[in-house]
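Structure, as structure tokens:
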Amino acid sequence: MKRILVIGMTGGIGGVETFISNLLMKYDKNKFKIDLLLYQDANKKYKEILKKADNVYYVHSIKKNPLKYLIDIVKFYRKHEYDIIHLNECTSKLFVYCWPVTFLKHTKLIVHSHNGGGSSFFHSILKNWQNHEADQFWSCSAKASKWMFGKYNSQGTKKIKLIKNGVDVERYLYSNLIRNKCRNNLNIEDSTVVIGSIARFENQKNHTFILDIFNDYLRRNDNSLLVLVGDGSLKKYIMNKASDLGISKKILFLGNRDDIYELVQSFDVLLMPSLYEGLPFVGLEAQAASLPIIASNTVDESLKITRYIRFLDLNSELSEWSDAIDNSIKIFSSKRSKSTDYVREKFLESHYDLNETINRIEKLYCKL
């Protein structure tokens, strides 16, 4: 039985957390023992999912208490032995929670990149050390490979393995019943155009621009609503900006939710004008629900596995984004209920089915 330590779960709700949750729900307990190492409490959404792991261990955060962190890390790796450490990260800062692998001769390190950009002093310092020690490079997209692996990616010294962010398609397939139920729960009329965003309130997700787009769209369609799902350090700032624009009454701030599969049914369009991305889960989940997406061209174009997504330049006029919203609704809104066979076919054809993803991961674990 292979002993795996998975690192990457945080207190937030994002792509890494979704990936780890899917892994815990599906992995073969007869072949693998999977433990989690956390440096902060996981979001309450994942309370039940964490029970799927064999063990969950905690160490102090290096940011909050460097000395206790150091003591915890040394003690942890002296006490626990693993065949594989699977490090899931958006920046190489998380390598601080597995650097003792350098001294563990029989433990293999997988570095798994889930992000396609950003700027971080510690990332630039740690990534070369991390990548030198890694036994395998995994990545969700070409942009995520370039961002995390840099010269290793271009030199090809270690072949990067593409791990597609598989989705449980059947759970997300469009349903009029679910759409109506969700809208009723949120007190949204059927005729209202709902523009949604599911993202952390951080600079990367570009919520200020989302507000600008919605403010422009609202001028042409007063019967519209912006639904913002997520939490983060910039949430209060975005709420204040909405107030300054005078559009607060047209926005629902829903916080973190555990019913994304229902919320995407209730939307008419998903906005994703991110400054950078790897390959976001929410973009796949939205496509599984036949939900039109308007995304920035900074998002990896491999996200496009159905006809429901359109990419725009971040420098495009606000009117172009509003036009794209209108056009997507006109083209796709009446077709969603008839799209299930098409969606199933496209996800299988592009290998973004969750079961296929888990099977690939398990085979790679066994070979390493």
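The values are calculated or read from the model by the stated rules, or taken from the named source; none is laboratory data. These numbers come from a predicted model, not from an experiment. Ideal geometry is used to build each Cβ from the backbone, glycine not excepted, and the neighbour counts take in all protein chains shown. Surface accessibility is based on the protein's heavy atoms, side chains included, excluding ligands, DNA and RNA. Shrake-Rupley method; radii C 1.70, N 1.55, O 1.52, S 1.80 Å.
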### Task
Tell me the label-point distance for the pair residue 55, residue 216, using the 7 Å Cα-to-Cβ offset, in nm and rounded to one decimal.
5.4 nm
### Message
Test of understanding: given the chain, find the longest segment containing no GluC sites (Glu not before Pro) that are in a DSSP loop and have at most 13 other Cβ atoms within 10 Å.
### Response
190-316
### Query
Hey, what angle do you get for helix 235-245 against the long axis of the chain, alpha-carbon based, 0 to 90 degrees rounded to 10?
20 degrees
## Note on the structure
Computed over the Cα atoms of the range 5-123, the Rg and Dmax in Å are 13.9, 41
### Query
What length, rounded to one decimal in nm, is gained on full extension from residue 344 through to residue 170, with 0.36 nm per residue of separation minus their alpha-carbon distance?
61.8 nm
### Summary
Any residue on another chain or 5+ positions along whose placed amide H is under 5 Å from the amide H of residue 167 is listed here as 353, 354
### Task
Output the Kirkwood hydrodynamic radius of the range 229-368, Cα pairs only, in Å rounded to one decimal.
17.0 Å
### Query
By how many nm would the segment from residue 351 to residue 190 lengthen if fully extended, with 0.36 nm per residue of separation less the alpha-carbon distance?
54.5 nm
### Summary
For the range 81-129 the trypsin sites (Lys or Arg not before Pro) that pass both the DSSP coil test and the at-most-10 other-Cβ-within-10 Å test are 105
### Query
Expressed as a whole number of Å, what is the distance separating the alpha-carbon centroids of the range 101-138 and the range 5-63?
19 Å
#### Entry: Solvent-accessible area per residue for the chain (1.4 angstrom probe, square angstrom)
46 Å²
### Query
Any idea what angle helix 207-220 forms with the longest principal axis of the chain, computed on alpha-carbon atoms, 0 to 90 degrees, nearest 10?
10 degrees
## Note on the structure
Placing each pseudo-label 7 Å from Cα in the direction of the beta carbon, residue 103 and residue 208 end up separated by a distance in nanometres of 4.5 nm
## Note on the structure
In the range 6-66 the accessible area split gives carbon plus sulfur, as whole percent at 1.4 Å, a share of 49 percent
### Query
In the range 300-343, what percent of the accessible surface is made up of carbon and sulfur (1.4 Å probe, ligands and nucleic acids excluded)?
44 percent
### Task
List the aspartates and glutamates whose Cα lies under 17 Å from the Cα of residue 79, skipping any in the same chain that are fewer than 8 positions away.
35, 54
### Task
Please give the contour-minus-distance gain from residue 81 to residue 125: 0.36 nm per residue of separation, less the Cα-Cα distance, rounded to one decimal in nm.
13.1 nm
#### Entry: the range 290-368, Cα convex hull volume normalised per residue, Å³
91 Å³
### Task
Could you work out how far helix 354-367 tilts from the main Cα principal axis of the chain, as a 0 to 90 degree angle to the nearest 10?
10 degrees
### Query
Hey, what do the phi angles of the range 120-135 turn into as Karplus ³J(HN,Hα) couplings, whole Hz, using 6.51/-1.76/1.60 and θ = phi - 60°, x for Gly and Pro?
8, 4, 5, 4, 5, 6, 7, 5, 5, 4, 4, 5, 5, 7, 5, 8
### Message
Just to be sure I understand: if I project the alpha-carbon convex hull of the range 253-316 onto a plane and average over all orientations, what area do I get in nm²?
### Response
4.6 nm²
### Task
Can you figure out the FRET efficiency of residue 258 with residue 367, using R₀ = 25 Å and their beta-carbon distance, to the nearest 0.05?
0.15
## Note on the structure
Helix-only [θ] at 222 nm, the chain, -39500 (n - 2.57) per DSSP H run of 4+, per residue, nearest 500, equals -12000 deg cm²/dmol
## Note on the structure
Gyration tensor (Cα only) of the range 60-208 to equivalent ellipsoid, semi-axes in Å sorted down, yields 37, 20, 17
### Query
Going down the list 205/250; 47/146; 93/146; 26/105; 63/127; 205/304, which pairs span over 22 Å between their C-alpha atoms?
47/146; 26/105
### Message
Report the Cα centroid-to-centroid distance between the range 68-84 and the range 184-224 in angstrom, as an integer.
### Response
45 Å
